[in-house]
Amino acid sequence: MRNYLKTTAGIALSMGMSTVALADVSIGSLQGYTGPLESLIGDIHDGTVLAASEANASGWYAHGTISVPQGDSKCIDADAAISEAERLINDGVIALVGPNCSGVTTAVINNVTAPNGVVNISPSATSPALSTIEDNGFFFRTAPSDARQGQVLAAIAMGRGITSVAVTYTNNDYGKGLADAFVGSYEALGGTVTVNSGHEEGKADYSADVASLSAGGSSVLAVFGYADGGALSLTTASVDTGAFDSYIFADGMIGSGPALGGLDGLDGSWGTAPGGSNAAASWATVTTAAGITPGPYSGEAYDAMALIILASQASTDRGDIQAAMMSIGNAPGVEIKAGQIGLGLHTLANGGEINYVGATGVEFNDVGEVKGSFLEYNVVGTAWTSFKTHK
């Protein structure tokens, strides 16, 4: 386990090399540091902290030094996420990056951020239902909706000649929303879904789930869930029994390390995760210089933190941050890419306008979310290998 939870007043803002004991402004990081997305959170955390470190190093932030206190949303524990969000807000954060998972993001919006007028930007909550949530204009996301990812997955599957699939999804907002989007698009393209069923988290034995899924007769299983959750256990049980020949995965299953912990038997399987935008080159340069791994959603996390920092340059009032967000994230203005947060702060300090593009090509629609682009991955041996961008 990569432990990113802090018990001290400060947080490392240079990838663990230095700490800020007392800061002038705090921006909360509400992430699933424990739970079924734990293996992805290290990269997401690094992206969040990198943006704050970059702003601090520039010397152009108008309100002093930025710290990043953390809260553990546990990904699928709504009560924990709400409690941590309340704690961070009561402790004086001006906004929140996170949460990661769609269900707890919905709970935090409904119970904490929208009622209290606090911006929260999720780098990875992708449920289509979040597009229409009553957020009073305070929720944004730098990750594209799964309505789009479902379409991309369906088109790739048909393009690969896969005309029949079984589908399993973690039984929550994320899994159900993605499965619905995929199934609708896949069937519209002429594909056949033999079985479409949810699975519960935390079961000791998934053999019955696998048997039910394989009974439909398809040789391909689409698994929509979490890399450290029930979807991994179900996939492992399926591989062990040889129930399917290959697998389709989505963002929650794809990390920067070995495919699903190095599970044998996935060679030739594939999946998608957000990435591959026109801004990717500048992000790769920044992460290489920082010595961090640009895994799934790390760029989106960097962008979420950068947007909050830039939107708070004129005022740290929570309502003023919300009012500035759309103009910061959209044209017109000086284009600000990854690694140029200091330039953005300097431009704003001198009365200019900026168009934050960042690591992932940010451009908000009217509800504060991005269209995004997706990378197609193959499993080669036990490694994820990205090779193609879909927009």
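The values are calculated or read from the model by the stated rules, or taken from the named source; none is laboratory data. Since we're looking at a predicted model, the values are computed, not measured. In this analysis, Cβ positions are derived from the backbone assuming ideal geometry, glycine residues included, and neighbour counts consider all displayed protein chains.
Quick check: anything in segment 196-206 among the aliphatic types (A, V, I, L, M) and part of a helix (DSSP H, G or I)?
no
Could you list, in sequence order, the residues of segment 328-339 that are touching a Gly at 6+ places or on another chain (Cβ under 9 Å) and in a loop (DSSP other than H, G, I, E, B)?
First, pick out the residues of segment 328-339 that are touching a Gly at 6+ places or on another chain (Cβ under 9 Å): 328-329, 333-334, 336-338.
Those that are touching a Gly at 6+ places or on another chain (Cβ under 9 Å) and in a loop (DSSP other than H, G, I, E, B): Gly333, Ala338.
I want to confirm something. Restricting to segment 207-246 and keeping residues that are part of a loop (DSSP other than H, G, I, E, B) and without any contact (Cβ under 8 Å) to a residue 40 or more places away in the chain, which single residue is nearest to the chain's Cα centre (by Cα)?
Within segment 207-246, the subset part of a loop (DSSP other than H, G, I, E, B) is 215-219, 225-229, 242-245.
Now narrow it down to the ones that are without any contact (Cβ under 8 Å) to a residue 40 or more places away in the chain: 215, 242-243, 245.
Values: Ala215: 33, Gly242: 31, Ala243: 30, Asp245: 29 Å.
Taking the candidates together, the pick is Asp245.
Among the residues of segment 353-371, how many are touching a residue at least 40 places away in the same chain (Cβ under 8 Å), part of a loop (DSSP other than H, G, I, E, B) and surrounded by fewer than 24 Cβ atoms within 10 Å (Cβ to Cβ)? Give the steps one after another, and end with the answer.
The initial filter retains those residues of segment 353-371 that are touching a residue at least 40 places away in the same chain (Cβ under 8 Å), namely 354, 356-362, 364, 367-371.
Next, from what is left, pick out any that are part of a loop (DSSP other than H, G, I, E, B): 359-362, 367-368, 371.
Adding the requirement that they be surrounded by fewer than 24 Cβ atoms within 10 Å (Cβ to Cβ) leaves 361, 367-368, 371.
Qualifying residue count, segment 353-371: 4.
Tally time: how many residues in segment 328-370 are outside the structural domain of Ser53 (by TED's automatic domain parsing) and among the charged types (D, E, K, R)?
Number satisfying all stated conditions: 3.
Mind counting the residues in segment 103-123 that are under 21 Å from Tyr302 (Cα atoms) and in contact with a strand residue (DSSP E or B) (Cβ under 8 Å, 6 or more places away or on another chain)? Reasoning before the result, please.
The initial filter retains those residues of segment 103-123 that are under 21 Å from Tyr302 (Cα atoms), namely 104-105, 108-109, 113, 118-123.
Keeping just the survivors that are in contact with a strand residue (DSSP E or B) (Cβ under 8 Å, 6 or more places away or on another chain) gives 105, 108-109, 113, 118-123.
The total comes to 10.
Among the residues of segment 131-151, count how many are buried (at least 24 other Cβ atoms within 10 Å of the Cβ) and aliphatic (A, V, I, L, M).
So the answer is 1.
Criterion first (modelled with pLDDT of 95 or more and either of a type in the set (Lys, Arg) or in a loop (DSSP other than H, G, I, E, B) (or both)) does Gly92 satisfy it? Don't jump to the end; show me each part of the working.
Numbers: modelled with pLDDT of 95 or more: yes; either of a type in the set (Lys, Arg) or in a loop (DSSP other than H, G, I, E, B) (or both): yes.
Yes.
Check Val193 against each of (1) of a type in the set (A, V, I, L, M); (2) over 26 Å from the mean Cα position of the chain (by Cα); (3) crowded, with 24+ Cβ neighbours inside 10 Å and name the one condition it does not meet.
Going through the list (1) of a type in the set (A, V, I, L, M); (2) over 26 Å from the mean Cα position of the chain (by Cα); (3) crowded, with 24+ Cβ neighbours inside 10 Å, Val193 breaks only (3).
For residues in segment 365-391 being modelled with pLDDT of 95 or more and among the charged types (D, E, K, R), which is nearest to Val152 (Cα to Cα)?
Glu376
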